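See below for the structure under consideration.
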Amino acid sequence: MVRELVPPLVVVLVVLVGLSWADDWALTRPVRRWWTRHDDVIVWYVTSAPATFIYLALLGVTTWVLLGMPDLPRRLFIENQSTNLRELATNPLRVLVRSAFFVTNSELAWWIALFAMLLAPAERWLGSARAIAVFVVGHVGATLIAAVDVWVHITYRGAPESLMRVQDTGASYGFAALAALSIYRLRGVSRVGLGVVLAAVVGYGAIEGTGFTARGHAVAVLIGLSLVAVARSPVVRARESSAGELWELWRPATADGPTSPATTAVVCPSCGTVVVEATPPPVRAVTRPARRGRAQRIARRPR
């Protein structure tokens, strides 16, 4: 009963907030003043990582749809979108794509925070196309290896056959791969902290009995670490700023991004270091009219 009331209550709340914002009610006046002071930074943060925030918006829509469904239809729907053995055997491409767009409502808030804090800087560092490619490789690779792991446990280790229809959806495998790749970008305390978390994920997944999802996350981390060639490519290294800590990459002044048109990325052939040099402005040729001779000046004088 409470779950059925959530969607209409959220709609009513959004309408009231919109009216308060438009008419400058006292209810939203502090938020309006805060937005006026920080809107440039927020807009930059979102638009500089478009793939991350478009993906989060899609997760929000799908979570909203699932929230309004009754329990049994929702469970059957998620089971049909899951990358379990039954669905991978019949509709592999469909479930590999769709499974990445469904998370539980309790997970959505965590994913919004984690994607905004870690994957948005990763997208600015790699570029949208490379970030999407790493996410897809991590999601697909870890999903398939986890499915093989389930098949081995069912066939040879006496695991229940109900695992063939288990629910397995979410963004965690792709996220783990991108987070693991980001360790090549971070420095200092941020690299140490992320390294400890990644080591814990891999170590926990290596323990027998923790479940196929834990092993899938460990595999996704290893996939991300194996893509070191992406992080070391000259194009990606040219996008790096001088900042090293994660929180420095949240600021417009120290964030990664495409090389400015006024700079050029040069790779040192002996040491492989990428140096960003300033490109001098083009020299404009100035042409002066030819000086006329004395006879021409006399001829052009008015009589």
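The values are calculated or read from the model by the stated rules, or taken from the named source; none is laboratory data. Note that the structure is a prediction, hence the values are computed from the model and not measured. Don't worry about glycine lacking a Cβ; one is built from the backbone with ideal geometry, like all the others, and counts go over all protein chains shown. The area values use the complete protein model at the heavy-atom level, side chains included, leaving out ligands, DNA and RNA. Shrake-Rupley method; radii C 1.70, N 1.55, O 1.52, S 1.80 Å.
Grab the eigenvalues of the alpha-carbon gyration tensor for the range 85-214, scale each by 5, take roots, and send me the semi-axes largest first in whole angstrom.
Values: eigenvalues 155, 64, 33 Å².
They are 28, 18, 13 Å, listed largest first.
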Step through the residues of the range 140-153 one at a time and calculate ³J(HN,Hα) from phi using the Karplus curve (6.51 cos²θ - 1.76 cosθ + 1.60, θ = phi - 60°), rounding each to whole Hz and writing x for Gly and Pro.
-> 5, x, 5, 4, 5, 5, 5, 5, 4, 4, 5, 4, 5, 5
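Grab the alpha carbons of the range 139-207, take their convex hull, and tell me the volume per residue in Å³. Mind dumping the intermediate values first?
Numbers: hull volume 6.3 nm³, N = 69.
Expressed per residue, the convex hull around the Cα atoms of the range 139-207 is 91 Å³.
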Quick one: grab the alpha carbon gyration tensor of the range 72-117, order the square roots of its eigenvalues as a ≥ b ≥ c, and give me rounded if a/c is under 1.5, else prolate or oblate depending on whether a/b is larger than b/c.
-> oblate
³J(HN,Hα), Karplus 6.51/-1.76/1.60, whole Hz, each residue of the range 205-211, x for Gly, Pro = x, 7, 7, 5, x, 7, x
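Over the range 153-256, with the other protein chains present, what is the accessible area per residue in square angstrom, probe 1.4 angstrom?
Working: 5020 Å² over 104 residues.
It amounts to 48 Å² per residue over the range 153-256.
Within 12 Å, Cβ to Cβ, of MET164, how many net charges do the neighbouring residues add up to if Lys/Arg are +1 and Asp/Glu are -1?
Numbers: positive: ARG86, ARG165; negative: GLU79, GLU87, GLU161, ASP168.
Residues close to MET164 contribute a combined charge of -2.
If you take the beta carbon distance between VAL197 and ARG32 as r and set R0 to 30 Å, what does 1/(1 + (r/R0)^6) give as a FRET efficiency, to the nearest 0.05? Don't skip to the answer; put the middle values down first.
Details: r = 37 Å, r/R0 = 1.25.
So the FRET efficiency works out to roughly 0.20.
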Choose one of PHE115, LEU76, PHE101: the residue whose Cα lies farthest towards the positive end of the charge dipole of the range 39-136 (beta-carbon charges +1 Lys, Arg; -1 Asp, Glu; about the Cα centre).
-> LEU76
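Please list, by residue number, every one of the trypsin sites (Lys or Arg not before Pro) in the range 68-163 that is coil in DSSP and has at most 14 other beta-carbon atoms within 10 Å.
On the way: sites: ARG74, ARG75, ARG86, ARG94, ARG98, ARG124, ARG130, ARG157; in loops: ARG157.
Sparse-neighbourhood loop trypsin sites (Lys or Arg not before Pro): ARG157.
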